[in-house]
Amino acid sequence: MYKYDGKLEASFSEPYLYGDVSAEIYEKDGVKPTTIIRTDQEWGVRVYWYLRGSLAEYICGKWCARVCLESIGRGPEANWESPKISLEPCGDSKYYYDFKFKPGQITADYCSTPYKLVVTVTYQNECHKPGPIAGFVELPILQFYHGDGDAFPIHRANGEHAHEAVAELQP
């Protein structure tokens, strides 16, 4: 797995409050590269972030992590949100969330579909209002293609779907 670095910003600067965010893509029983994934396969995105500085131990509230997947061209777009994750000001201030995707959860039109993937992390204060800490990781383009067991539509040259294409040769 390769970890992709992102940006985490806070309204205060170092040494008062700062952090970092990163993410990695993985496939269950997959092979590298992990940016080309069969639709009949489990895969996921792990997000890691931390908060440091002299004010970090005074920050209470919740983290919100999100995965945004946008198809390139016509196709579906989707977002998945983690449950709210409590800040632990007395802990090590390291956090992570693992987004797990089941086989078939992401579709591919025709033979494959490319998607742009972005992960976000934002802070909510104890009053459930957005706070001044946010970050994102822009991951590489993912290509989803049909696996051996996938049934997928047949497309005609005119763009219409066909359930079955049969050609008979004339003698």
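The values are calculated or read from the model by the stated rules, or taken from the named source; none is laboratory data. Just so it is clear, the structure is predicted and the values come from calculations on it, not from any experiment. Please note: Cβ atoms are built from the backbone with ideal geometry, for glycine as well, and neighbour counts cover all protein chains shown.
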- Can you name every residue in the stretch 52-80 that is touching a residue at least 60 places away in the same chain (Cβ under 8 Å), more than 20 Å from the chain's Cα centre (by Cα) and loosely packed, with under 15 Cβ neighbours inside 10 Å? CYS60
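Which residue, of THR113, THR107, is under 30 Å from ASP40 (Cβ atoms), out of contact with any Asp or Glu (no Cβ under 6 Å at 6 or more places or on another chain), surrounded by fewer than 17 Cβ atoms within 10 Å (Cβ to Cβ) and at pLDDT below 95? Let's see the steps before the verdict.
Values: THR113 fails: surrounded by fewer than 17 Cβ atoms within 10 Å (Cβ to Cβ).
That would be THR107, the only listed residue that is under 30 Å from ASP40 (Cβ atoms), out of contact with any Asp or Glu (no Cβ under 6 Å at 6 or more places or on another chain), surrounded by fewer than 17 Cβ atoms within 10 Å (Cβ to Cβ) and at pLDDT below 95.
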- Given (1) at pLDDT 95 or above; (2) exposed (fewer than 15 other Cβ atoms within 10 Å of the Cβ), index of the condition ILE154 fails: (1)
- What single numbered condition from (1) touching an Asp or Glu at 6+ places or on another chain (Cβ under 8 Å); (2) within 18 Å of PRO140 (Cβ to Cβ); (3) aliphatic (A, V, I, L, M) fails to hold for LEU8? (2)
- Query: Inside the stretch 18-51, can you point out the residues that are closer than 14 Å to LYS94 by Cα, more than 15 Å from the chain's Cα centre (by Cα) and surrounded by 18 or more Cβ atoms within 10 Å (Cβ to Cβ)?
  - Reply: TYR18, GLY19, LEU51
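Go through the stretch 105-122 and give me each residue that's part of a strand (DSSP E or B) and farther than 29 Å from ASP20 by Cα.
Restricting attention to the stretch 105-122, the residues satisfying the condition of being part of a strand (DSSP E or B) are 112-122.
Selection gives SER112, THR113.
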